[in-house]
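The structure appears below as structure tokens.
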Amino acid sequence: MALHAHDHLRHTIEGPFARESVAYCLIMPEHGLMGHWYTWVNERDEGGRAFVLHGTGPDPVFFDHKDGIAVGGQNFDHWDLDGAGLRVGEPLMGAKASFESTDLSVQFEFEGFHPAFDYDSNTTGTPSYLARNRYEQSGRISGRLTWNGTVYDFDGPGHRDQSWGTRDWDAIHHYKWIAASGNGVSANVMWTMAEGELDVNGYVFSGGVQSPIVDASARTKYGDDFVQDVVEFELTDEAGRTTSLDLDRRHTLARWDVSPTFNFTDTMFTGTLGGEYVQAYVEYTWPRSYLDHLLAR
């Protein structure tokens, strides 16, 4: 299903697991930091916002999360929610966002490198447990982060996504989500084990061509505490290309529970995509009880 110009705005959602969310990934290997700006809203017009800052780990170095906030019918073109601000500009291409708290402030602009890619463009579509639809987009993110009295300016590749519909975390056994981008290249891959099956979504952008992924093979080397230390993918797309994604240098770690039953292990990597330098946000997820079992062995 092709995206529409208004898909950067809110959608009608319903059901017990219904939510719409927007995320921006600030990938800053030059500072040894990675930031995650996040906001969401449910079918009752109640929402939340978060900003998470990742360092050497295992815990986030900054974590500010608040849920159950009355949204008041706001839309993403003029969104202000307890310190989180968003102004989407050119539809599906540009935006400005901010987050303000007592100990941290950040302001940044996003400009897409290529068209937003929606998971319905993959052969099997968007998995029903994940969303009704979801788009991913790499781009230039530039701005300023002030934290604990230190100013960090950043200007480089980053990523954003937006999804709407069902989000049933506990239907998912495990997923690997990677957003990697560099000079003229980017890829997003969502490799998900759920409901007894393997689902693959995402795209490769290279040589000015953006093409849906049709197959992906993954290999991970784990280090201490079952944290991903090396991530390798072979990505085959509809254009007939096979592209290697090799992420071999991990810079950050933030392990945290998105719910009492579901864990995020978020990491920042640098490496190559088709031989070109990229920096990447790499998120692995686990049922909390399964991760506890692995850590106790």
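Derivation of every value follows stated rules applied to the coordinates shown; laboratory data play no part. Model, not experiment: these values are computed from the prediction. We place every Cβ from the backbone using ideal geometry, glycine too, and count neighbours over all the protein chains shown.
For the reader, a short list of remarks on this structure follows.
- Number of residues in segment 183-204 that are more than 15 Å from Ser217 (Cβ to Cβ) and surrounded by fewer than 21 Cβ atoms within 10 Å (Cβ to Cβ): the value is 6.
- Single residue of Tyr175, Tyr135, Tyr152 found to be among the aromatic types (Phe, Trp, Tyr), closer than 26 Å to His65 by Cβ and in contact with a helix residue (DSSP H, G or I) (Cβ under 6 Å, 6 or more places away or on another chain): Tyr152
- Residues within segment 16-52 that are touching a Gly at 6+ places or on another chain (Cβ under 8 Å) and of a type in the set (S, T, N, Q), tallied: 1
Yes/no per residue for (1) under 20 Å from Gly184 (Cα atoms); (2) without any contact (Cβ under 8 Å) to a residue 60 or more places away in the chain:
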{"site": "Phe205", "(1), (2)": "yes, no"}
{"site": "Ser211", "(1), (2)": "yes, yes"}
{"site": "Ala218", "(1), (2)": "no, yes"}
{"site": "Tyr222", "(1), (2)": "no, yes"}
{"site": "Gly240", "(1), (2)": "yes, yes"}
{"site": "Leu247", "(1), (2)": "yes, no"}
{"site": "Trp256", "(1), (2)": "no, no"}
{"site": "Thr265", "(1), (2)": "no, yes"}
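- Strands (runs of 3 or more DSSP E) within segment 86-183 that include 2 or more residues in contact with a His (Cβ under 9 Å, 6 or more places away or on another chain) and within 29 Å of Val227 (Cβ to Cβ): 133-147, 150-166, 172-182
For (1) at negative phi; (2) within 18 Å of the chain's Cα centre (by Cα), each residue gets a yes or a no:
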position: Asp77; (1), (2): yes, no
position: Asp82; (1), (2): no, no
position: Lys96; (1), (2): yes, yes
position: Asp103; (1), (2): yes, no
position: Tyr119; (1), (2): yes, yes
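- If the condition is being surrounded by fewer than 22 Cβ atoms within 10 Å (Cβ to Cβ) and in a strand (DSSP E or B), then segment 1-35 contributes Ala18, Arg19, Ser21, Ala23.
- Single unsatisfied condition, Ala194 versus (1) more than 20 Å from Thr123 (Cβ to Cβ); (2) over 18 Å from the mean Cα position of the chain (by Cα); (3) not polar (S, T, N, Q): (1)
- In segment 61-91, the residues that are out of contact with any Leu (no Cβ under 6 Å at 6 or more places or on another chain) and either polar (S, T, N, Q) or crowded, with 21+ Cβ neighbours inside 10 Å (or both): Gln74, Ala84, Leu86, Val88
- Scope segment 36-68; condition outside any strand (DSSP E or B) and either closer than 25 Å to Ser128 by Cβ or small (Gly, Ala, Ser) (or both); matching residues: Asn42, Glu43, Arg44, Asp45, Gly57
- For segment 279-297, filtered to residues that are charged (D, E, K, R) and in a helix (DSSP H, G or I), the residue that is nearest to Tyr175 (Cα to Cα) is Arg288.
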